[in-house]
Amino acid sequence: MKASNSIRLGLRANWEQFALLVAINAFVGGVVGVERSTLAPLAENDFHLSSSAAILSFLISFGLVKAASNLIAGGLADRFGRRTVLLAGWMAALPVPVLVILAPSWGWIVFANVLLGLNQGLAWSTTVNMKIDLVGPRRRGFALGLNEASGYLAVSAAAAVAGFLAANHGIRPGPYLLAEGLAACGFVLSLFARDTSPYVELESAGAVRTQSLGRLAIEVTFHDRTMSSACQAGLVNNLNDGMAWALLPLFFAAHGLGLREIGLLASTYPAIWGAGQLGTGWISDHIGRKPLIVTGLTLQSFAIVGFVIEPGFIWWIAESVLLGAGTALVYPTLLAVVSDAARTPERATSVGIYRFWRDSGYAAGAIIAGVIADAAGFPAAIITVACLTGLSGLVVAVRMRETMPQETRTSS
């Protein structure tokens with residue numbers, strides 16, 4: 001099938017469809033945001049789990065399934081179309097809040113997070129690829145910044161509202177009725193999305209995919225210095241995000257904070273992360289990708305250490321802001337690096353491979369943080385994650401090349 005002459009790349013030419021995808025991704029973020037402030041307290045309050053590793057088991061199931069879904073999302077989108085995969089992702093989300101509300105045991109929660117991981121992997125990956133398809137290379141960083149900003153601002157808002165509902169009306173069912181409404185709205189909006197596969201054909205100019213998934217996975221993960229650097233940085237970023245999601249609420253509760261305060265802290269970090277990406281994606285289109293990634297990982301490392309060495313609610317707010325700022329510098333920029341470095345016909349699959357490794361970080365973070373917290377306490381687990389984050393920034397500084405498109409550098 002040849003691309004229609006009416007199809008043009010660019011944000012301005014496709015702003016209506018782009019805006020719809022931004023809205024859809026906000027609902028994707030909102031669904032997972034509800035868990036940010038409620039699931040770890042639910043484990044302690046309703047299921048009386050005391051082991052950090054046991055509580056973090058939901059994050060292992062979520063991370064592994066989301067990672068695998070990311071890996072296959074690009075191939076499924078190439079075969080069945082972007083819109084079909086997006087709708088499939090929303091179908092996986094619809095039962096999740098119901099399962100949490102009705103759960104008689106923690107195993108139900110773990111299974112619900114299998115479905116949530118499937119939703120996040122398929123739906124979020126597909127909105128990313130659809131936006132990349134629409135805008136072309138020149139505004140890629142800006143477009144990805146908008147995409148990630150919409151998702152994580154929604155994560156923040158949903159975490160704050162869910163924390164308020166939990167504090168005033170109980171952890172179940174109020175926050176999860178909100179999650180069900182968000183999932184239903186996201187599904188309905190996605191019915192109006194247009195498939196973007198013809199835009200890939202236009203940009204690729206007849207080029208075809210030349211590598212199998214296995215060969216491409218080896219190339220992206222190990223051989224290509226830039227994409228492999230992005231993969232390890234993405235993994236470590238989500239390792240520390242998993243710690244912030246599941247371990248920090250327990251750490252705060254151990255210091256006497258209630259659900260309202262935990263909800264505020266759980267929402268501050270993704271709020272700064274989300275809002276910051278409105279600027280960082282655009283900045284990466286003008287000054288380059290690599291400086292933002294190295295700076296962001298360094299800021300994350302200092303912020304995470306700060307949770308331990310400067311305790312107290314006001315300090316934790318400040319450290320959450322710093323952590324969010326560092327993540328805003330890193331998150332859309334790593335996606336842009338992989339999108340820049342990959343061949344156009346293989347871009348969706350390459351992004352999926354990167355996102356596989358990035359979201360494997362949730363499972364890695366849950367295992368590392370949970371085991372260390374049980375053995376040596378929360379501070380030891382948090383400091384370990386901070387050290388891994390700083391080391392990741394050093395790897396990027398040494399191995400990654402700058403990928404900002406030459407035409408963008410020339411026009412800046």
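The values are calculated or read from the model by the stated rules, or taken from the named source; none is laboratory data. Just so you know, these numbers come straight off a predicted model, no measurement behind them. Cβ placement follows ideal geometry from the backbone for every residue including glycine, while neighbour counts extend to all protein chains displayed. To get the accessible areas, we keep the full protein, side chains included, count just its heavy atoms, and leave off ligands, DNA and RNA. Shrake-Rupley method; radii C 1.70, N 1.55, O 1.52, S 1.80 Å.
Based on what the data block shows, is Gly263 outside any helix (DSSP H, G or I) and of a type in the set (Gly, Ala, Ser)? So Gly263 does not fit the description; no. So for the stretch 130-140 (the condition being at pLDDT 90 or above and either of a type in the set (Ser, Thr, Tyr) or surrounded by fewer than 24 Cβ atoms within 10 Å (Cβ to Cβ) (or both)), does at least one residue qualify? No, the conditions are met nowhere in the stretch 130-140. For the criterion of being of a type in the set (Gly, Ala, Ser) and either over 21 Å from Leu329 (Cβ atoms) or outside any helix (DSSP H, G or I) (or both), Gly276 fails.
When Leu71, Leu86, Leu42, Leu102 are screened for being more than 23 Å from Ser150 (Cβ to Cβ) and under 22 Å from the mean Cα position of the chain (by Cα), only Leu71 passes.
One line per residue, one yes/no per condition, for (1) among the small types (Gly, Ala, Ser); (2) part of a loop (DSSP other than H, G, I, E, B); (3) modelled with pLDDT under 90; (4) open to solvent by less than 70 Å² (accessible area, probe 1.4 Å):
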site: Glu180; (1), (2), (3), (4): no, no, no, yes
site: Pro198; (1), (2), (3), (4): no, no, yes, yes
site: Glu201; (1), (2), (3), (4): no, no, yes, yes
site: Gly206; (1), (2), (3), (4): yes, yes, yes, yes
site: Thr210; (1), (2), (3), (4): no, yes, yes, no
site: Gly214; (1), (2), (3), (4): yes, no, yes, yes
site: Ile218; (1), (2), (3), (4): no, no, no, no
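Can you find even one residue in the stretch 127-150 that is within 21 Å of the chain's Cα centre (by Cα) and free of Cβ contacts under 8 Å to residues at least 60 places away in the same chain? The answer is no, given that none of the residues of the stretch 127-150 is within 21 Å of the chain's Cα centre (by Cα) and free of Cβ contacts under 8 Å to residues at least 60 places away in the same chain. Which residues, counting only those in the stretch 102-120, are touching a Phe, Trp or Tyr at 6+ places or on another chain (Cβ under 9 Å) and either closer than 17 Å to Leu59 by Cα or open to solvent by less than 10 Å² (accessible area, probe 1.4 Å) (or both)? Hits for the stretch 102-120 are Ala103, Ser105, Trp106, Ile109, Val110, Ala112, Asn113, Val114, Leu116, Gly117, Asn119, Gln120.
Does Gly145 satisfy being open to solvent by less than 10 Å² (accessible area, probe 1.4 Å) and closer than 19 Å to Leu21 by Cα? The answer is yes for Gly145.
Residues in the stretch 317-340 that are open to solvent by 10 Å² or more (accessible area, probe 1.4 Å) and modelled with pLDDT under 90: Asp340 only. Exactly one residue among Phe187, Phe222 is modelled with pLDDT of 90 or more, within 29 Å of Leu334 (Cα to Cα), assigned to a helix (DSSP H, G or I) and open to solvent by 60 Å² or more (accessible area, probe 1.4 Å), and that residue is Phe222. Inspection of the stretch 237-255 identifies no residue that is in contact with a Pro (Cβ under 6 Å, 6 or more places away or on another chain), in a helix (DSSP H, G or I), closer than 30 Å to Leu165 by Cβ and open to solvent by less than 10 Å² (accessible area, probe 1.4 Å). Going through the stretch 18-37 one residue at a time, which ones are assigned to a helix (DSSP H, G or I) and small (Gly, Ala, Ser)? Passing the criteria: Ala19, Ala23, Ala26, Gly29, Gly30, Gly33.
Looking only at residues of the stretch 16-25 that are within 19 Å of Pro332 (Cα to Cα) and either of a type in the set (Val, Ile, Thr) or over 22 Å from the mean Cα position of the chain (by Cα) (or both), we find that the one that is modelled with the lowest pLDDT is Val22. Criterion applied to Thr403, Thr389, Thr349, Thr384 was being free of Cβ contacts under 8 Å to residues at least 24 places away in the same chain and not hydrophobic (A, V, I, L, M, F, W, C), and the one residue passing it is Thr384.
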